[in-house]
Amino acid sequence: MQADLVCASRGQAALLSCKERKSRFLLLAKAQSRTAAASGEGLVPRLCEISPDLRKTLTLDNGSEMAGFRGLESATGLRTYFCWPHSPWQRGSNLRRRCSSRQLIG
């Protein structure tokens, strides 16, 4: 799976998106703010709802909102990986979905 935080152009609205690459399953969760704590609170319950077969690994960007990745790993059983800085093609599926999601929230 690939995860990212999509922020509205104005205000504090934020949407967490996770996309499974093979099945194209998309999981969305609301984040109350752009902090690591809010990202974890929004993402962990949603990830636990899906089948363990679909949630083996999670690829994140290097943003500060993903600083709580150890808590995410322990709560969900996911193995977490990070992209190289300035390498958005390493999360291509999520990057394409991000553009359309931003239009919905902002």
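Bear in mind that the values in this text are calculations on the coordinates, not laboratory data. The structure displayed is predicted, hence computed values, not measured ones. Positions of Cβ are generated from backbone atoms using ideal geometry, with glycine treated the same way; all protein chains shown enter the neighbour counts.
Starting from 0.36 nm per residue, how many nanometres of slack lie between residue 73 and residue 26 once their C-alpha separation is accounted for?
15.0 nm
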Residue 6 long-range amide H proximity, modeled H, under 5 Å: 15, 16, 17
From fewest to most C-beta neighbours within 10 Å, the residues 65, 20 line up as 20, 65
Provide the FRET efficiency to the nearest 0.05 for the residue 12-residue 50 pair, computing r from the beta carbons and using R0 = 22 Å. 0.25
